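Take a look at the structure set out below.
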Amino acid sequence: MAVQRIEVITGAGGRRTYSPEEKIRLVGEAHGGRGAVAAVARRHGVCTSLIYRWRRQLESGELSAEAPAFVPVHVLEATPAGLPSPVMTPSAPEPAPSAERRAALVEVVLSNGRVLRVAEDISPATLRRLVGALDAP
């Protein structure tokens, strides 16, 4: 009779959740040369596809160690037609509204006083990069 090995897994089952810090640490650890991702995945009991996914999320800005935070929003009255907006520069004329669809604009006032106007459907990653670039003092 042949002897077979049986592994008994105890404890809570189900999916394991990883904190953003843990994900970033594993991606950094897997940054080595050839076969590094597979070695890290084996060592920590993680599927290699998760490490590749976290790497893509880190590069796109979707994964970050910073906790998301709310910022205060102030709704302002619309400027009457014909008057220039107080934050609009005179050298940049406002584009003519499209007859088909006019996208709503969101105005973001940064901590250094600069104003950023973006379309309502801008991706969060793009907005994060713009704010990071323009919010410097």
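Each Lys or Arg adds one and each Asp or Glu subtracts one; over the other residues with Cβ under 11 Å from the Cβ of VAL109, this totals 0. Among residues other than ILE9 whose Cβ falls under 15 Å from its Cβ, what is the net charge (Lys/Arg +1, Asp/Glu -1)? Once all neighbours under 15 Å are counted, the net charge is +2. With R₀ fixed at 22 Å, the C-beta to C-beta distance from GLN4 to ARG25 puts the FRET efficiency at about 0.05. Ordered from highest to lowest accessible area with the whole protein assembly present and a 1.4 Å probe, ASP121, ASP135 read as ASP121, ASP135. LEU105 contributes about 110 Å² of solvent-accessible surface, heavy atoms of the protein only, 1.4 Å probe.
Of the peptides 56-64, 109-117, 20-28, the ranking by mean beta-carbon count within 10 Å, highest at the top, reads 20-28, 56-64, 109-117. Subtracting the Cα-Cα distance of LEU76 and ASP121 from their residue separation scaled by 0.36 nm leaves 14.2 nm. Straightening the chain between GLU107 and ARG56 buys 15.4 nm, computed as 0.36 nm per residue apart minus the Cα-Cα spacing.
The values are calculated or read from the model by the stated rules, or taken from the named source; none is laboratory data. Since the structure is predicted, the reported quantities are computational estimates derived from the model, not experimental observations. Counting neighbours? That spans all protein chains shown, and the Cβs are built from the backbone with ideal geometry, glycine included. All accessible areas refer to the heavy atoms of the entire protein, side chains included, with ligands and DNA or RNA removed. Shrake-Rupley method; radii C 1.70, N 1.55, O 1.52, S 1.80 Å.
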